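S.K.: I'd like to ask some things about the structure below.
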Amino acid sequence: ETLVSAAYLAKKYYGAKLIFWHHHIAESRFMTLEERVYNLVVSPFNWRKIKKFDFVVSISEHSKNVLRSEKGIDSLVIYDEIDSDRFNEGNLNGTTIRTKYNIAADDPVILFVGRLTPTKNIHSLISAFKIVKARIPRAKLIIVGGSYDKRYAEYLMRDCDPGVIFAGFVPDEELPNYYAACDVYATCSLVEGFNLPLVEAQVCGRPVVAFDIGPHKEVVKNGILVSEGRLNEFGEALIDILVSRKETL
C-alpha cells in the first residue's frame with residue numbers, strides 16, 4: 001500500500017497498467033496505535049487511488065469479501081501458487097533436520113512456520129502442545145520464523161517447555177525439509193489472508209491442524225479445523241493425528 005502513490009503516477013504519466021495484489025486488511029483489534037493512526041490519516045488516500053487501478057487481485061475468497069465489505073472494492077481471486085517441485089514429498093528428506101536438533105527418528109514432531117507476532121497466536125500453540133506432551137512425552141514442537149516483535153518473542157521463550165524448539169529464520173531452500181521432518185503441521189493463527197505454510201505442508205503430504213478462521217476452510221484439504229480458542233480440542237486433534245500417523249507408519 002505504501003507504493004500506491006508512485007504506482008498511480010506511473011499510470012497517470014506513462015500509461016502503466018496497475019495491479020494491486022491484496023493479501024489482507026489488518027483487523028483493528030490487532031492494530032498498534034501507530035497502525036491505527038496510519039489507517040485513519042494516510043490509508044484512505046491510498047485506497048481512493050487503488051480503486052482506479054486496472055485490476056485488484058485477492059488471494060482468497062475470504063480476503064475478497066473483507067475487501068468488498070471494508071473498502072467497497074471488488075477483486076479477482078488468485079490463490080498463491082506453490083512450487084510443487086520444491087514442496088514435494090518424494091523429493092524431501094527430513095532426516096537432516098531431526099539430526100540437527102537431536103530428535104529421534106520415532107519422536108513425534110509438530111511444526112509451525114511463521115513470524116513471531118501476537119496475531120500468529122503462538123502462545124496458544126505452545127499451550128496446546130502441553131496437552132500433547134501430557135499424553136505423548138516424547139513429542140517435539142519446532143517453531144520456524146523470525147522475530148518481528150522482540151518483547152513477544154522473549155515472552156514465548158521464557159520458561160518454555162524443553163520440547164519446544166525455536167529454529168529462528170530459515171532460508172527458503174531449507175524450508176521444505178522442515179515439513180518433511182514433521183508429522184503434523186499446526187497453527188493457532190487468528191488472522192490470515194491465505195496461509196501459505198498450511199498449503200505447503202499439505203503439498204508435502206503432511207496433515208494440518210488449524211483454527212477455523214478466515215480462509216482456512218478454503219485451503220485445508222487434509223487435516224482438522226478447530227473452533228477458534230478451543231485449545232483442548234486443538235490438542236486432542238494433534239494427538240489423534242500423531243497416534244494415527246504412528247500406527248500407519
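The values are calculated or read from the model by the stated rules, or taken from the named source; none is laboratory data. No experiment lies behind these values; they were computed from the predicted model shown. Note that each Cβ is placed from the backbone with ideal geometry, even for glycine, and that neighbours are counted across all protein chains shown. Surface accessibility is based on the protein's heavy atoms, side chains included, excluding ligands, DNA and RNA. Shrake-Rupley method; radii C 1.70, N 1.55, O 1.52, S 1.80 Å.
S.K.: Identify, from the list Val109, Val113, Val66, Val56, the residue that is over 22 Å from the mean Cα position of the chain (by Cα) and among the β-branched types (Val, Ile, Thr).
M.R.: The unique qualifying residue is Val56.
S.K.: Moving on. Out of the residues in segment 1-22 meeting the condition of being out of contact with any helix residue (DSSP H, G or I) (no Cβ under 7 Å at 6 or more places or on another chain) and under 22 Å from Gly193 (Cβ atoms), tell me which one is least open to solvent (accessible area, probe 1.4 Å).
M.R.: Ala7
S.K.: Of the conditions (1) in contact with a His (Cβ under 6 Å, 6 or more places away or on another chain); (2) under 27 Å from Tyr152 (Cα atoms); (3) without any contact (Cβ under 8 Å) to a residue 60 or more places away in the chain, Ser63 fails just one. Which one is it?
M.R.: Exception for Ser63: condition (3).
S.K.: Of all residues being in contact with a Ser or Thr (Cβ under 8 Å, 6 or more places away or on another chain) and not in a loop (DSSP other than H, G, I, E, B) in segment 114-135, which is surrounded by the most Cβ atoms within 10 Å (Cβ to Cβ)? Just the residue, please.
M.R.: Leu125
S.K.: Which pairs have Cβ atoms under 8 Å, sit 6 or more apart or on different chains, and link a residue in segment 116-136 that is over 19 Å from Ile213 (Cβ atoms) and in contact (Cβ under 8 Å) with a residue 24 or more places away in the chain to one that is open to solvent by 20 Å² or more (accessible area, probe 1.4 Å) and β-branched (Val, Ile, Thr)?
M.R.: Ile136/Val243
S.K.: Of all residues in segment 148-200, which are in a strand (DSSP E or B) and open to solvent by 50 Å² or more (accessible area, probe 1.4 Å)? So that I can check it myself, show each step before the final result.
M.R.: Our first condition is that a residue be in a strand (DSSP E or B); within segment 148-200, this holds for 164-168, 184-187.
Phe166, the sole residue that qualifies.
S.K.: Would you pick out the residues in segment 15-45 that are among the β-branched types (Val, Ile, Thr), more than 22 Å from Leu76 (Cβ to Cβ) and either touching a His at 6+ places or on another chain (Cβ under 6 Å) or assigned to a loop (DSSP other than H, G, I, E, B) (or both)?
M.R.: Correct list: Thr32, Val42.
S.K.: Taking the residues in segment 137-147 that are in contact (Cβ under 8 Å) with a residue 12 or more places away in the chain and part of a loop (DSSP other than H, G, I, E, B) as candidates, determine which candidate is farthest from Val243 (Cα to Cα).
M.R.: That would be Gly146.
S.K.: Identify, please: which residue in segment 23-55 is among the hydroxyl-bearing types (Ser, Thr, Tyr) and out of contact with any helix residue (DSSP H, G or I) (no Cβ under 8 Å at 6 or more places or on another chain) and is, among those, least open to solvent (accessible area, probe 1.4 Å)?
M.R.: Ser43
S.K.: Looking at segment 202-227 only, could you name the residues that are part of a loop (DSSP other than H, G, I, E, B) and either closer than 12 Å to Tyr185 by Cα or within 15 Å of the chain's Cα centre (by Cα) (or both)?
M.R.: Listed by number, the residues that qualify are Cys204, Gly205, Arg206, Pro207, Asp212, Ile213, Gly214, Pro215, Val220, Asn222.
S.K.: Looking for whichever is within 22 Å of Val184 (Cα to Cα) and not polar (S, T, N, Q) here; the options are Lys133, Lys49. Which one fits?
M.R.: It is Lys133.
S.K.: For segment 56-78, does any single residue satisfy the condition of being exposed (fewer than 15 other Cβ atoms within 10 Å of the Cβ), touching a Gly at 6+ places or on another chain (Cβ under 9 Å) and either at pLDDT below 95 or of a type in the set (Asp, Glu) (or both)?
M.R.: No, because not a single residue in segment 56-78 is exposed (fewer than 15 other Cβ atoms within 10 Å of the Cβ), touching a Gly at 6+ places or on another chain (Cβ under 9 Å) and either at pLDDT below 95 or of a type in the set (Asp, Glu) (or both).
S.K.: Could I ask something else about it? When you scan segment 228-241, how many residues do you find that are open to solvent by 60 Å² or more (accessible area, probe 1.4 Å), within 18 Å of the chain's Cα centre (by Cα) and in contact (Cβ under 8 Å) with a residue 60 or more places away in the chain? Break it down stepwise before answering.
M.R.: Of segment 228-241, the ones open to solvent by 60 Å² or more (accessible area, probe 1.4 Å) are 228, 230, 232-233, 236, 240.
Then drop every residue that is not within 18 Å of the chain's Cα centre (by Cα), which leaves 228.
Those left that are additionally in contact (Cβ under 8 Å) with a residue 60 or more places away in the chain: none.
Counting residues in segment 228-241 that are open to solvent by 60 Å² or more (accessible area, probe 1.4 Å), within 18 Å of the chain's Cα centre (by Cα) and in contact (Cβ under 8 Å) with a residue 60 or more places away in the chain gives 0.
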